[in-house]
Every structure is written in C-alpha cells, then in structure tokens.
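Colleague: Below you'll find the structure I mean.
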Amino acid sequence: MQLRIYRCRICGEVYLGYEAPENCPFCGATIEFLEAPEKYPADINDIDITETERADLEASIELELANTRFYLGMAERKDNDTLRATYKRLAKVEVEHCSVFCKLAKVAKPADLMTPGETTGSWVSDIEESRTRENRATALYALFAERATNARLSEVWAAISAVEADHITLDELAKTYA
Ligand SMILES: [Fe+2]
Ligand SMILES: [Fe+2]
C-alpha cells in the first residue's frame, strides 16, 4: 500500500492516507472534494466578492465563532467522556469552517475563537441547543450558496451546509449517549 496525499478542496487541508476517507477529517466535506494535490489551485480563495457576499461571509464567521465556543464549552464538561470528546471534535470542525470563511473574506480569525462559551448545563439540553444551531447553519449556508454570484463561494457554502446537516444527524446519535 502506498501512502497518498489528498487535498480538501473546501478547507485546503492535506489528508495523508492509503485511500480517501468518506469525509475530510478537518472540515467534514464529503469525499468528492478530496482530490490529488496537483488539482488544487494555490489561488483558489483569491476571489473578488460583492457587498452581499462580504456580509454573508461575516455572518458565517460569526456563526462559526458562536458554535465553536458553544462546543468548547460542552467539551469542558467532565461527566461523560464520549460526549466531551465528540463535541471537542465538533468544535475543531467549526474552527476549520471559520478559518475557511476568514480566508475567503481576507480577515484574521476572531481573537476569542478558542474561548469556551456558556452552555445550558446539561447534556440533553446542550445537544438540543446544538441541533437548533446546526439547523440554522444548514439553512443559512444553503441560502448564501444560492444567492452567491461567485462560483467558489457557492461551492464552499453548499459543501459546508451539507456538513452542518450531517451534524444534525450527529446530535441525534449523541442523544443516545447522554
Ligand atoms: Fe476539508
Ligand atoms: Fe456544525
């Protein structure tokens, strides 16, 4: 078996492995976005954006910031190690999304991105809150993807909308561990 280099078209991260995984381990984008590195243009995020696209990117950054902080808050709870580790991972996925949106908007990552936020205090209600957040993200990014005139932005929002929809399914699964 030969170790290969896969590059994620959505987040730009490299995955090293024998085969492409079903999802990017960093941003969660599905397998079709994992390509040979020579297919990844170095200037992929170097785009001109409209006023609306800028506002939508700013809203996306805010959303990812809030969700990252919420999941980091969940990951601080000590009474369920499976859920603690799961939401720690989810926080890292949302950080990756935040990072992509910041690159596209050409802004620095928010200073408080890694500061754990307030949670509701119980796993069941935190997971319910997560589901609400993921529903909102899925719908919002689908809307942004549809109204974007730039093809790259549309591609990224559509891919991340699908990832957030997967997170709704994950919340359902997480409930069975609560
Ligand atoms: Fe990715
Ligand atoms: Fe998410």
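Colleague: Considering every residue within region 92-104, establish whether at least one is of a type in the set (S, T, N, Q) and buried (at least 22 other Cβ atoms within 10 Å of the Cβ).
Modeller: No, there is no match, as no residue in region 92-104 is of a type in the set (S, T, N, Q) and buried (at least 22 other Cβ atoms within 10 Å of the Cβ).
Colleague: Residues of region 114-152 being under 16 Å from Val163 (Cβ atoms) and of a type in the set (S, T, N, Q), which ones?
Modeller: The answer is Ser130, Asn135, Thr138.
Colleague: Between a first residue in region 60-88 that is assigned by TED's automatic domain parsing to the domain that holds Thr115 and at positive phi and a second residue that is in a helix (DSSP H, G or I) and open to solvent by less than 40 Å² (accessible area, probe 1.4 Å), which pairs have beta carbons less than 7 Å apart while being 6 or more apart in sequence or on different chains?
Modeller: The qualifying pairs do not exist here.
Colleague: Let me ask something else about it. Which ones in region 105-128 are exposed (fewer than 15 other Cβ atoms within 10 Å of the Cβ) and closer than 17 Å to Glu62 by Cβ?
Modeller: Hits for region 105-128 are Lys106, Val107, Ala108, Ala111, Asp112, Met114, Thr115, Glu118.
Colleague: How many residues are surrounded by fewer than 16 Cβ atoms within 10 Å (Cβ to Cβ) and touching a Phe, Trp or Tyr at 6+ places or on another chain (Cβ under 6 Å) when one looks only at region 1-14?
Modeller: 1
Colleague: List the pairs whose first member sits in region 161-172 and is outside the structural domain of Asn23 (by TED's automatic domain parsing) and among the β-branched types (Val, Ile, Thr), whose second member is away from ligand 1 (no atom under 14 Å from the Cβ) and modelled with pLDDT of 95 or more, and whose Cβ atoms are under 7 Å apart, counting only residues at least 6 apart or on separate chains?
Modeller: Ile168/Arg131; Ile168/Glu134; Ile168/Asn135; Ile168/Thr138
Colleague: Of (1) within 14 Å of ligand 1 (Cβ to nearest atom); (2) open to solvent by 50 Å² or more (accessible area, probe 1.4 Å), Glu146 satisfies all except one. Which?
Modeller: (1)
Colleague: Does region 34-67 hold any residues that are among the β-branched types (Val, Ile, Thr) and not in a loop (DSSP other than H, G, I, E, B), and which are they?
Modeller: Thr52, Ile61
The values are calculated or read from the model by the stated rules, or taken from the named source; none is laboratory data. These figures come from a predicted structure and were not determined experimentally. Reconstructed Cβ throughout: ideal geometry from the backbone, glycine too, with neighbour counts over all protein chains shown. These accessible areas exclude ligands, DNA and RNA; they are computed on the full protein's heavy atoms, side chains included. Shrake-Rupley method; radii C 1.70, N 1.55, O 1.52, S 1.80 Å.
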